[in-house]
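Okay, so here's the structure we're looking at.
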Amino acid sequence: MSKYILRLKTQTHMDKKRRNILKGLAAAPLILGANSLFSNTLSETTTIKSVAKVKFSVNAFTFNEQLRSGEMNFYDMMEFAANLGLDAVDLTGYYFDTYPNIPKDKTLFQLKKKALELGLNITWTGVKNNFINPDKTARTSDIKLIKKWLTVSSKLGATIMRVFPGFKKHEGFTKDQVKEWMVEDFKECAKYAEKSGVLLGMQHHNEFLYKADEVLDILKSVDSEWFGLILDIGSVRRGNPYEEIKILAPFANYWFLKELVYVNGVPEQVNMKKIVPILKENNYKGYVSFESLTEGDPKEIVTRMYNDFNDAYGKS
């Protein structure tokens with residue numbers, strides 16, 4: 001028998017076998033009825049709810065003193081994150097030695113490669129801008145800064161870049177006037193964020209926007225899917241912080257967990273058992289980033305917060 005005839009017979013046999021399988025699948029629901037394995041599988045697939053999966057990062061400001069003094073660099077920070085079992089790192093722009101100018105591509109790609117080797121993501125970058133400033137020239141300069149670093153974020157593979165509302169006083173102007181130009185500035189930046197493929201995330205930071213409703217007012221006024229919220233649990237300091245966090249949580253694209261919250265302006269240790277249910281109620285699936293601001297060994301503080309969170313998450 002020739003090889004061609006043998007191949008033809010084999011192919012015919014396989015085609016017949018496939019047809020029989022398909023016929024069997026088509027007939028199965030008729031034979032087995034509504035309780036067939038096929039229909040059960042389909043039903044389960046269509047009704048399964050996605051389960052929240054939180055991932056973890058650490059923010060560079062945690063190591064502010066060490067990064068400024070040269071005791072640590074981004075690579076050391078990545079090693080710490082990987083050894084602790086975190087998923088990512090936040091690389092704040094002003095710890096690059098070129099800031100506010102952007103680093104060379106070689107620098108960015110080396111960091112990206114190191115993150116890959118350690119099994120980490122670089123999820124976040126951040127700059128320091130001031131959109132409270134009445135000086136339009138200064139704000140225009142900050143818009144240019146944000147646009148430049150959105151490009152840096154994109155090259156690093158970061159999915160979100162942090163910006164601030166601003167800081168300092170706005171003498172001679174009302175808060176509503178400031179909000180008006182702030183919204184316009186954020187809108188312009190959000191358009192560039194869309195082009196860069198990096199979400200622009202506002203960290204409210206207890207500077208100008210003090211209450212949850214003020215934060216949400218800015219988000220809604222900018223009205224862009226490329227402008228989001230970095231929920232900073234340490235920056236809601238008026239009233240009950242956990243109630244304020246609940247209001248902001250449905251809009252959060254990223255979370256900052258700090259060791260302290262402020263009850264009517266008075267600091268107290270964060271209660272992870274109160275934070276975790278808020279995350280779960282909102283089915284949050286993104287990153288939470290640990291940031292330490294208090295005295296002590298930052299590695300020990302972050303490790304403790306990470307363990308406390310995991311313990312609370314497992315028991316809730």
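Bear in mind that the values in this text are calculations on the coordinates, not laboratory data. Remember, it's a predicted structure, so these values are computed and weren't measured experimentally. Note that we place each Cβ from the backbone using ideal geometry, even for glycine, and neighbour counts take in every protein chain shown.
Please sort 55-67, 139-151 by packing, taking for each peptide the average over its residues of neighbouring beta carbons within 10 angstrom, highest first.
Listed from highest to lowest mean packing, they are 55-67, 139-151.
Determine how many Å³ per residue the convex hull of the Cα atoms of the range 55-315 encloses.
Normalising the Cα hull of the range 55-315 by residue number yields 125 Å³.
With all pairs of different alpha carbon atoms counted, what Kirkwood hydrodynamic radius in Å does the range 209-282 show?
12.5
Over all distinct alpha-carbon pairs, what is the Kirkwood Rh of the range 111-192 in angstrom?
One decimal place: 14.0 Å for the Kirkwood radius.
Each residue of the range 279-290 in order: what ³J(HN,Hα) in whole Hz does its phi give by Karplus 6.51 cos²θ - 1.76 cosθ + 1.60, θ = phi - 60°, with x for Gly and Pro?
Those phi angles translate into 4, 5, 4, 9, 6, 5, 10, x, 8, 10, 10, 8 Hz.
Using modelled amide H (1.01 Å from N, peptide plane; none on Pro or chain starts), what sits under 5 Å from the amide H of G166, excluding residues fewer than 5 places away?
F131
Taking Cα centroids, how far is the range 216-279 from the range 280-299 in Å?
Distance between centres, Cα-based: 12 Å.
Between K315 and T151, what FRET efficiency comes out of the Förster formula 1/(1 + (r/R0)^6) with R0 = 41 Å and r the beta carbon distance, rounded to 0.05?
It comes out at approximately 0.45.
Which percentage, to the nearest 5, of the DSSP beta bridges contained in the range 55-315 is antiparallel?
Of all bridge pairs located within the range 55-315, approximately 10 percent are antiparallel.
Quote to one decimal, in nm, the extra length available between K280 and K106 on full extension: 0.36 nm per residue of separation minus the C-alpha distance between them.
Full-extension gain reported as 58.6 nm.
Residue by residue through the range 211-222, which ³J(HN,Hα) values in whole Hz follow from phi under the Karplus form 6.51 cos²θ - 1.76 cosθ + 1.60 (θ = phi - 60°), with glycine and proline marked x?
Values per residue, Gly and Pro as x: 10, 4, 5, 5, 4, 5, 4, 5, 4, 5, 6, 5 Hz.
Show the residues, 5+ positions off or on another chain, whose built amide H is closer than 5 Å to the amide H of L260.
Amide H neighbours of L260, under 5 Å, 5+ apart: V270.
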